[in-house]
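Step one of this worksheet: look at the structure below.
The values are calculated or read from the model by the stated rules, or taken from the named source; none is laboratory data. Since the structure is predicted, the reported quantities are computational estimates derived from the model, not experimental observations. Cβ: placed from backbone, ideal geometry, glycine included. Neighbour counts: every protein chain shown.
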Amino acid sequence: MPVVPMQQILRDAFDKRYGVGAFNIVDWVTMDAVLAAAAGTRSPVIVQVSVKTVKVMGAKLIQVMFAEMAGRTPVPATLHLDHCPDRQVIEDCIAAGWNSVLFDASKLTYEENLAQTKEVVALAHRHGVAVEGELEAVKGVEDGVGSEDQGAVVPLDKAVAFIRATGIDSFAPAIGTAHGVYKGTPKINFDRVSEIVAAEPIPLVVHGGTGLSEETFHELIRRGAPKVNVSTQLKIVLADSYRTYLEEKPKEYDPLKLLGAAKKNLVAQVIYFMKVFGSEGKAA
Ligand code: 13P
């Protein structure tokens, strides 16, 4: 299936109230596993990449690999750049043919964030690329971007004004979720999701998917947050798969078997999330 725009995936999921996983990949094996899980569950999927990975692999290589692999996968798939405060990397990804970017200007003042996000949206939309906006920093560091503190929550009217003035396609609010492994049970501000969506019907984004309960996912998706980000859990499965395999088979030197073992575990993990989010069977 050809690669589809992010807007197409999020609009259907938002309207029908199911979730679509945005899974952070770091290489060929992880991208292959995420797409295989999507094919296996007939699920639309968002392949998400951090700036750190883009800097290692290059925007064009990732896009070419994605276009080729998604082209062989019979479900709608789209390629998204995760938290990016760097305008140059955003421009590189747009030029390389990516489908969507998260311009993370949450460290800037409200006015500066709004002005810069408007510029990013203008450029992105000229190329058919979607933009996720962020106003309040999500707690936790994601591949070197972010901080251990959640940003101050912006009053609802200012958040809605930001969404309208910038023309962003999706919005990532600070709702108490955090990147990385949770130290306790997070206190989620479900009402914030409902309030934003009631004021402006835009698909919201759940950051910090690793470690949230199934009930939390269901409630956030039901209230209007169809894009659900998962990164840390896939890193854990990948690293543990390699570690276990090498410990159990110290004399095995076929790298393809090692990669295959990791892929198998990743596919099972991603299928689990797709079922929980409700995207199974939703591929048009
Ligand atoms: P986790 O690393 O907690 O799964 O969060 C992923 C994320 O929100 C990416 O932006």
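Considering region 106-120 alone, what residues qualify as being of a type outside the set (S, T, N, Q) and surrounded by fewer than 21 Cβ atoms within 10 Å (Cβ to Cβ)?
LYS107, LEU108, TYR110, GLU111, GLU112, LEU114, ALA115, LYS118, GLU119 - these are the residues of region 106-120 that are of a type outside the set (S, T, N, Q) and surrounded by fewer than 21 Cβ atoms within 10 Å (Cβ to Cβ).
Among residues of region 21-58 being over 21 Å from LEU238 (Cα atoms) and surrounded by 24 or more Cβ atoms within 10 Å (Cβ to Cβ), the one that is farthest from the chain's Cα centre (by Cα) is SER43. Within region 214-223, the residues that satisfy the criterion of being away from the ligand (no atom under 13 Å from the Cβ) and out of contact with any helix residue (DSSP H, G or I) (no Cβ under 6 Å at 6 or more places or on another chain) are GLU215, HIS218, ILE221, ARG222. Just one of the numbered conditions (1) free of Cβ contacts under 8 Å to residues at least 12 places away in the same chain; (2) closer than 18 Å to SER50 by Cβ is not true of THR109: (2). Residue check: VAL54 meets all listed conditions (1) part of a helix (DSSP H, G or I); (2) in contact with a Ser or Thr (Cβ under 6 Å, 6 or more places away or on another chain); (3) aliphatic (A, V, I, L, M); (4) within 15 Å of the ligand (Cβ to nearest atom) but one, namely (2). Only one entry in PHE162, PHE190 is of a type in the set (Phe, Trp, Tyr) and either surrounded by fewer than 18 Cβ atoms within 10 Å (Cβ to Cβ) or closer than 24 Å to VAL276 by Cα (or both), namely PHE190. Among the residues making up region 51-70, those that are more than 19 Å from ASP104 (Cβ to Cβ) and touching a residue at least 12 places away in the same chain (Cβ under 8 Å) are MET57, LYS60, GLN63, MET65, PHE66, ALA67, MET69, ALA70. Taken as a whole, region 137-157 holds no residue that is within 27 Å of ALA77 (Cα to Cα), crowded, with 19+ Cβ neighbours inside 10 Å and away from the ligand (no atom under 16 Å from the Cβ). Checked against the criterion of being exposed (fewer than 13 other Cβ atoms within 10 Å of the Cβ), modelled with pLDDT of 95 or more and either hydroxyl-bearing (Ser, Thr, Tyr) or out of contact with any Cys (no Cβ under 7 Å at 6 or more places or on another chain) (or both), the candidates GLU280, GLU248 yield just one match: GLU248.
Here is a yes/no grid of residues against (1) assigned to a loop (DSSP other than H, G, I, E, B); (2) more than 13 Å from the ligand (Cβ to nearest atom):
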| site | (1), (2) |
| --- | --- |
| GLY208 | yes, no |
| LEU212 | yes, no |
| ALA225 | yes, no |
| ASN229 | no, no |
| LEU234 | no, no |
| ALA239 | no, yes |
| TYR245 | no, yes |
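Where strands (runs of 3 or more DSSP E) fall wholly inside region 76-148, no range has 3 or more residues that are among the β-branched types (Val, Ile, Thr).
I need the full set of residues from region 113-157 which are among the polar types (S, T, N, Q) and touching a Gly at 6+ places or on another chain (Cβ under 6 Å), in order please. Within region 113-157, just THR117 meets the criteria.
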